[in-house]
Amino acid sequence: MNTAGKRILMAKTGLDGHWRGPTVVAKALRDAGFEVIMIGMARPEEVVQASVDEDVDLVGLNIGGHVDVAVRAIGMVRESRPEVPIFVGGVVPPHAKRKLEALGVEVYPPGSQLPDIVAAARRLTGLA
């Protein structure tokens, strides 16, 4: 399936320094043909600004257990770019998973399979 032109913003909302998960996910998305813009650790305002500046089709957040920061970022992205879907991953406690899903966000905690994340990116960007 052609993913050409579909852009995904990846950011970390926490300063935990754990990069393996987001890096592996970004590589899988690139291998699937997406253009991935990795901005690294970012405040919610920076996530919103990058989503606008880069004109992305999907925002991916590694929340690393920082649920309140992620919720704030999600709200700000939705306010600025309501048409852009969001998915999150990283350490997500069960209560937070329910909270995030209630906001309409797809959640991929540790152990999620890369083909499932890539399939979700295709679906969320209108390719599936």
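Taking the residues in the range 47-64 that are crowded, with 16+ Cβ neighbours inside 10 Å and either charged (D, E, K, R) or assigned to a loop (DSSP other than H, G, I, E, B) (or both) as candidates, determine which candidate is modelled with the lowest pLDDT. The extreme case among them is Gly64. The residues of the range 16-46 that are part of a helix (DSSP H, G or I), of a type in the set (Val, Ile, Thr) and in contact with a strand residue (DSSP E or B) (Cβ under 9 Å, 6 or more places away or on another chain), listed by number, are Thr23, Val25. Being touching a residue at least 60 places away in the same chain (Cβ under 8 Å), open to solvent by less than 60 Å² (accessible area, probe 1.4 Å) and not in a strand (DSSP E or B) is the requirement here; does Ile74 meet it? Answer is no for this residue.
For the range 17-46: of the residues being farther than 23 Å from Ala119 by Cβ and among the aliphatic types (A, V, I, L, M), which is least open to solvent (accessible area, probe 1.4 Å)? Ranking the qualifying residues of the range 17-46, first place goes to Ala42.
Scanning the range 77-128 for residues that are over 19 Å from Glu46 (Cβ atoms), open to solvent by 70 Å² or more (accessible area, probe 1.4 Å) and among the acidic types (Asp, Glu) returns Glu83, Glu101, Asp116. Number of residues in the range 80-107 that are free of Cβ contacts under 8 Å to residues at least 24 places away in the same chain and not in a loop (DSSP other than H, G, I, E, B): the value is 8.
The values are calculated or read from the model by the stated rules, or taken from the named source; none is laboratory data. This is a predicted model, so every value here is computed, not measured. Here Cβ is always computed from backbone atoms with ideal geometry, including for glycine, and neighbour counts include all displayed protein chains. What goes into the accessible areas is simple: the full protein's heavy atoms, side chains included, and nothing from ligands, DNA or RNA. Shrake-Rupley method; radii C 1.70, N 1.55, O 1.52, S 1.80 Å.
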